[in-house]
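Okay, structure first, notes after.
The values are calculated or read from the model by the stated rules, or taken from the named source; none is laboratory data. In this text, all values refer to a predicted model and were calculated from it rather than measured experimentally. Ideal geometry is used to build each Cβ from the backbone, glycine not excepted, and the neighbour counts take in all protein chains shown. Quick note on the areas: whole protein, heavy atoms, side chains included, nothing else; ligands and nucleic acids left out. Shrake-Rupley method; radii C 1.70, N 1.55, O 1.52, S 1.80 Å.
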Amino acid sequence: MAGRSRGPFVAGNWKMNLGLGEARALARKVAAAASEASPDASKTSAIEKPSGVEAGPELSDCTVVLIPPFTALGTVAAAVAGSAVGLGGQDLFWEDQGAYTGEVSGPMLRDAGCAYVLVGHSERRQLFGETDEMVGRKARAALKAGLTPIVCIGEVLAERDGGRTLGRIDDQLARGLDGFSKEDVERVVIAYEPVWAIGTGRTASPAQAEEVHAHIRGRIRESYGNDTAGCAIILYGGSVKPANSYPLSKEKDIDGFLVGGASLDADGFIGIAREALRAYREEK
Ligand code: PEP
């Protein structure tokens with residue numbers, strides 16, 4: 001799959017938010033905006049355009065993914081059906097089925113209409129004890145189920161302040177992608193999310209983010225070669241908003257965003273995608 005497009009990729013992680021009615025309304029707004037001028041727009045005529053989102057034709061070139069809580073997957077799948085919007089789960093367990101109360105497997109997510117799944121989000125690591133090894137097992141299970149894992153990595157503030165950011169990134173990459181072939185890595189999306197910037201309103205500066213993104217791409221190049229590094233999709237996450245999306249997107253190794261809080265607002269989320277696409281279409 002070398003040559004996979006690095007056109008902007010914007011994913012909205014709704015975390016543990018939204019009831020079914022709210023989820024449906026938000027998904028329909030995003031689908032209407034994202035699908036307006038897609039090459040398959042004729043198939044999306046069933047999607048009524050809600051008010052409040054001014055759809056721009058440019059969004060057809062941006063990969064847009066919604067990641068609702070498990071309870072809303074069915075509702076969101078129905079709301080975005082026929083549109084260009086993809087669907088993802090927030091987590092998965094590595095076994096396919098069995099006595100694992102509370103867990104959801106890769107095949108189940110596929111069944112629910114997902115093409116993507118978050119793996120190793122910092123909230124899973126910090127609040128639920130996920131280790132780098134568990135993240136690697138989950139990423140492998142996602143690939144086995146035919147899902148694209150969005151593997152989240154990033155340092156905490158003490159690691160950044162202690163000059164250990166790149167070392168921490170190396171550890172997370174090595175264990176999170178342990179045993180992966182070149183073909184496996186070409187199916188993965190990596191999200192660099194400095195933990196100190198998630199939900200805090202603090203964003204890494206474009207230069208701070210680019211330093212880590214370039215490092216990640218460099219590590220992929222060392223292990224898997226130029227083609228794989230060239231098509232690696234590396235997202236930034238951490239308090240992204242429409243206002244900071246453009247300058248971050250101008251950095252050459254930032255391919256899009258994993259968005260938390262701002263993805264709960266259709267206008268803000270679509271605004272981020274538009275700004276990412278604007279930067280992408282200009283010379284980086
Ligand atoms: C996230 O949850 O991955 C995230 C980046 O959150 P926020 O955008 O709210 O910082």
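Look at segment 201-224 and say how many of its residues are in contact with a strand residue (DSSP E or B) (Cβ under 8 Å, 6 or more places away or on another chain), within 16 Å of the ligand (Cβ to nearest atom) and modelled with pLDDT of 95 or more.
Summing the residues that are in contact with a strand residue (DSSP E or B) (Cβ under 8 Å, 6 or more places away or on another chain), within 16 Å of the ligand (Cβ to nearest atom) and modelled with pLDDT of 95 or more in segment 201-224 gives 3.
Go through (1) of a type in the set (Lys, Arg); (2) open to solvent by 40 Å² or more (accessible area, probe 1.4 Å); (3) touching a Leu at 6+ places or on another chain (Cβ under 8 Å) and name the single condition Arg164 misses.
Every listed condition holds for Arg164 apart from (3).
From the list Ile216, Ile234, Ile190, which one is in contact (Cβ under 8 Å) with a residue 24 or more places away in the chain, in a helix (DSSP H, G or I), in contact with a helix residue (DSSP H, G or I) (Cβ under 7 Å, 6 or more places away or on another chain) and surrounded by 19 or more Cβ atoms within 10 Å (Cβ to Cβ)?
Residue meeting the stated conditions: Ile216.
Of the residues that make up segment 273-282, is at least one open to solvent by 60 Å² or more (accessible area, probe 1.4 Å) and not in a helix (DSSP H, G or I)?
yes
Please find, among Asp255, Asp265, the residue that is over 20 Å from Gly199 (Cβ atoms) and at pLDDT 95 or above.
When all the criteria are applied, what remains is Asp255.
Yes or no: Ile198 at pLDDT below 95 and within 11 Å of the ligand (Cβ to nearest atom)?
Numbers: at pLDDT below 95: yes; within 11 Å of the ligand (Cβ to nearest atom): yes.
For Ile198, the condition - at pLDDT below 95 and within 11 Å of the ligand (Cβ to nearest atom) - is met.
What are the residues in segment 118-155 that are among the charged types (D, E, K, R), open to solvent by less than 30 Å² (accessible area, probe 1.4 Å) and in contact (Cβ under 8 Å) with a residue 12 or more places away in the chain, if any?
Asp132, Lys138, Glu155
Assess whether Gly199 counts as being open to solvent by less than 30 Å² (accessible area, probe 1.4 Å) and either small (Gly, Ala, Ser) or within 16 Å of the chain's Cα centre (by Cα) (or both). Break it down stepwise before answering.
Working: open to solvent by less than 30 Å² (accessible area, probe 1.4 Å): no; either small (Gly, Ala, Ser) or within 16 Å of the chain's Cα centre (by Cα) (or both): yes.
Criteria not met by Gly199.
Would you check which residues across segment 66-107 are in contact with a Lys or Arg (Cβ under 7 Å, 6 or more places away or on another chain), over 24 Å from Cys152 (Cα atoms) and outside any helix (DSSP H, G or I) and list them?
Passing the criteria: only Gly82.
Is there a residue in segment 170-187 that is small (Gly, Ala, Ser), within 16 Å of the ligand (Cβ to nearest atom), part of a helix (DSSP H, G or I) and under 21 Å from Glu133 (Cα atoms)?
Within segment 170-187, one or more residues are small (Gly, Ala, Ser), within 16 Å of the ligand (Cβ to nearest atom), part of a helix (DSSP H, G or I) and under 21 Å from Glu133 (Cα atoms).
Restricting the search to segment 225-257, which residues are of a type outside the set (Ser, Thr, Tyr), in contact with a strand residue (DSSP E or B) (Cβ under 8 Å, 6 or more places away or on another chain) and either within 20 Å of Arg278 (Cβ to Cβ) or within 11 Å of the ligand (Cβ to nearest atom) (or both)? Can you show your working first?
Step one: filter segment 225-257 for residues of a type outside the set (Ser, Thr, Tyr), giving 225-227, 229-235, 237-238, 240-244, 247-248, 250-257.
Imposing the further condition that a residue be in contact with a strand residue (DSSP E or B) (Cβ under 8 Å, 6 or more places away or on another chain) reduces the set to 232-235, 237, 240, 248, 253-257.
Hits for segment 225-257 are Ile233, Ile234, Leu235, Gly237, Val240, Leu248, Asp253, Ile254, Asp255, Gly256, Phe257.
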